[in-house]
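Coordinate-derived values only; no laboratory data. Computed from a predicted model, the values in this text were never measured in an experiment. Glycine gets a Cβ as well: all are built from the backbone with ideal geometry, and neighbour counts include every protein chain shown.
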Amino acid sequence: MRKFIPTIIFSAILIAFVIQDHKERESEALTPATDQLAPATYRGVLPAADCSGIDYTLTLNDSIVGTDTLYALRTVYIDGGGADNDIAFDDRGRQQQIVLGEQRGYRLTSDAGDPTIYFVIVNDSTLRLCDSTLTAQPSELNYDLIRINQ
């Protein structure tokens, strides 16, 4: 029996190292793809056809490419109810960070069944409203949301 004790101890140590290595590799795989971008709040006033503009405040939570997490979006239609009468809507849902070619962005799927919204990541502090191919339409109008927290 005494001959097997060193073998058992060695085996236990080896198993502990294998488990530790596996945990380290797993945590590396789950590192958020955009450490500088989320969680973060972005804000901007985008153009609208029926009012003076739509004030977007979008809060994204940590996300990993290909997985769903949550977002919160508040849209305020400036003068949407007439002069000095704003109309606000709050929305929550699932965000998914997506990659199409070299473009990276977010797909926002509303819990309320509203149309899916897409934002392309322009840089560490800017998201731009775009279509499902992460392509922003050329325009002289502003479709950018700027990060407001660090």
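For region 47-150, which strands (runs of 3 or more DSSP E) that fit wholly inside it have 3 or more residues that are over 16 Å from the mean Cα position of the chain (by Cα)?
Working: elements: 53-60, 68-78, 87-100, 103-110, 117-123, 126-130, 144-147.
Ranges flagged: 53-60, 68-78, 87-100.
Of all residues in region 117-140, which are in contact with a strand residue (DSSP E or B) (Cβ under 8 Å, 6 or more places away or on another chain) and under 15 Å from Gly53 (Cβ atoms)?
Within region 117-140, Leu129 is the sole residue that qualifies.
Give me the residue from region 83-109 that is touching a Gly at 6+ places or on another chain (Cβ under 7 Å) and under 20 Å from Val45 (Cα atoms) and, out of that set, surrounded by the most Cβ atoms within 10 Å (Cβ to Cβ).
Here the residue is Leu108.
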